[in-house]
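Beneath this line is the structure, given in structure tokens, with notes to follow.
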Amino acid sequence: MKLASALTVLALAAAPAVSSATSAFVIDFNNLGNTYTNVGNSYAAQGVSFTNVLTLVNGDGLGGLPNGDYYTASPTLGSGVAFVQLDGTVNTAAYMNVAAAVDYKLSFDYTAISDVVISAYSGLNGTGTFLGSYTLAGNGSTVEADVWTNTTFNFNGQAKSFVLTGLSEFAAPGAYAAIDNITAVPEPTSLALLGAALGVVGFAARRRQA
């Protein structure tokens, strides 16, 4: 009886530490309205918010390509993508804040006409501990870039904010980037720990019933 009670206490102590440090979501920027809509708190229900991030919608007729569309080869053609301008005349940085934090990696599709950098921090709005950065190599030649790359950003810890910047504070004009399908999933180790904690709770409950 004492062993079961001790295991229950241990499991309940461990479970919040695991669950509060992980967040799972997919942000696809679909159905957010017209082109140049501020993403802002559109994904607040998933605990995610954006600063200096706009939407672009395929079929808006504003691009320079023959069919008048921006980002015609985006992974979700016919829907929206996120767009940032990081040339210093409009913005020097764009932010994604995650209330519950992201564990160790973030996956997404991107296109950029010059190199940009994504960095992870333990606090909101690029504060707290710096957890790592990754350069997204330019893979397109125009703002209507139709080359997309799927990538995974690995960082050292649990991040509550991600910051996208040019390679310098005042990057060359045309430091544009677009991002789509941002995906965060808990690390397998975190899932395993949570499963073990829940298993201990179940074991203790069965012992009490017996």
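The values are calculated or read from the model by the stated rules, or taken from the named source; none is laboratory data. Note that the coordinates shown come from a computational prediction; the quantities given were computed from them, not determined experimentally. Ideal geometry is used to build each Cβ from the backbone, glycine not excepted, and the neighbour counts take in all protein chains shown.
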Legend entry - Residue ID - farthest from F83 (Cα to Cα), chosen from residues in region 140-161 that are modelled with pLDDT of 95 or more and small (G, A, S): G157
Inset, instruction - Could you figure out which of (1) surrounded by fewer than 19 Cβ atoms within 10 Å (Cβ to Cβ); (2) of a type in the set (G, A, S); (3) at pLDDT 70 or above isn't true of A82? - result: (1)
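Kindly provide the set of residues from region 89-103 that are modelled with pLDDT of 90 or more and out of contact with any helix residue (DSSP H, G or I) (no Cβ under 9 Å at 6 or more places or on another chain), ordered by number.
A94, M96, A101, V102
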Inset, instruction - For region 191-201, state whether one or more residues are in a loop (DSSP other than H, G, I, E, B), surrounded by 12 or more Cβ atoms within 10 Å (Cβ to Cβ) and at pLDDT below 65. - result: no
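Yes/no matrix, rows are residues, columns are (1) of a type in the set (K, R); (2) at pLDDT below 80; (3) under 20 Å from the mean Cα position of the chain (by Cα); (4) not in a loop (DSSP other than H, G, I, E, B):
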residue: Y36; (1), (2), (3), (4): no, no, yes, no
residue: N41; (1), (2), (3), (4): no, no, yes, no
residue: T55; (1), (2), (3), (4): no, no, yes, yes
residue: L65; (1), (2), (3), (4): no, yes, no, no
residue: G68; (1), (2), (3), (4): no, yes, no, no
residue: A73; (1), (2), (3), (4): no, yes, no, no
residue: D87; (1), (2), (3), (4): no, yes, no, no
Inset, instruction - Give just the number: which of (1) under 16 Å from D87 (Cβ atoms); (2) of a type outside the set (D, E); (3) surrounded by fewer than 16 Cβ atoms within 10 Å (Cβ to Cβ) does A137 not satisfy? - result: (1)
